[in-house]
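The numbers here are math on the coordinates, done by the rules we state, and not lab data. The shown structure was predicted, so the numbers you read here are calculated from the model rather than taken from an experiment. Positions of Cβ are backbone-derived with ideal geometry, glycine not excepted, and every protein chain shown enters the neighbour counts.
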């Protein structure tokens, strides 16, 4: 006697399989390695590779963009993990603020009317001239999000001319599992809210990201760097058309089998 799949179990199988595709459960390996993005000119959220389709092969299950326009870091599941003395500060509109251009309305080359995030922590080397490194670190809360993100990005908006930027990714054991130093120089000679030098940089990872450290380095003295439009989320593999078709055929076959079996039972019971 063949053991048939009960109706309830077959329904669960179909729904569960579709949910696995939808939410990317167990599919982190579908993204091979760690891919760093940018630098890309950025004047509004429409320039984000995460939002304009430049990141292929996946769809966002969840995505957040923090523009700091309410004066705080308060998007879900992200926080400053180090001592309060090291935390960056949100900068209000001023002649020396460099927000993303579009945050204050029209794209007009002016970032002084929005908010940005400015580093407060630096380390200087003993070289002559000294090299100064400014830091900002973010971490993510698995309990609040329900996951750790596999994407991260931000916009470097201001700092000393010819700065270099480095991103370090940490796992939950505080180990660096990926790092990238951008070879292109960032910044210009202005500190008054100009926006043509604003650049997006980011990463898509096949591993969960627990925390990220951003380092902006420059030669000689100068002000801290500013950033804006912090971005993060969970990117899951885009469902394969062939797989979706096969799942549909599987579910349809089970449905037809149930219908035929019910008809046979009805006939034999007369």
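For a quick check: sort 79, 232 by the number of other beta carbons within 10 angstrom, fewest at the front. Final ranking by Cβ density, sparse to dense: 79, 232. Annotation for residue 185 and residue 85: the two label points, set 7 Å from Cα along the Cα-Cβ direction, are 3.4 nm apart. Could you tell me how far the Cα centroid of the stretch 86-153 sits from the Cα centroid of the stretch 166-241, in Å? Value for the Cα centre distance between the two parts: 10 Å. Length gained on full extension, residue 35 to residue 108: 23.1 nm, using 0.36 nm per residue less the C-alpha separation. With a simple spin-label model that places each label point 7 Å from the Cα along the Cα-to-Cβ direction, the separation between residue 144 and residue 56 comes to 3.5 nm. Exposure proxy for 155, 203, 123, 219: other Cβ atoms within 10 Å of each Cβ, ordered fewest to most, give 123, 219, 203, 155. Straightening the chain between residue 126 and residue 46 buys 24.6 nm, computed as 0.36 nm per residue apart minus the Cα-Cα spacing. With N the number of residues in the stretch 31-237, Rg(Cα) / (2.2 N^0.38 Å) evaluates to 0.96.
In plain terms, if you count all Cα to Cα distances in the stretch 122-192 and split them into 10 Å steps from zero, the share in each step is 14, 41, 30, 14, 2 percent. Would you work out if the stretch 77-152 is rounded, prolate or oblate? Take a ≥ b ≥ c from the square roots of the eigenvalues of the alpha-carbon gyration tensor; rounded if a/c is under 1.5, else prolate when a/b is larger than b/c, oblate otherwise. Note, shape of the stretch 77-152 comes out oblate.
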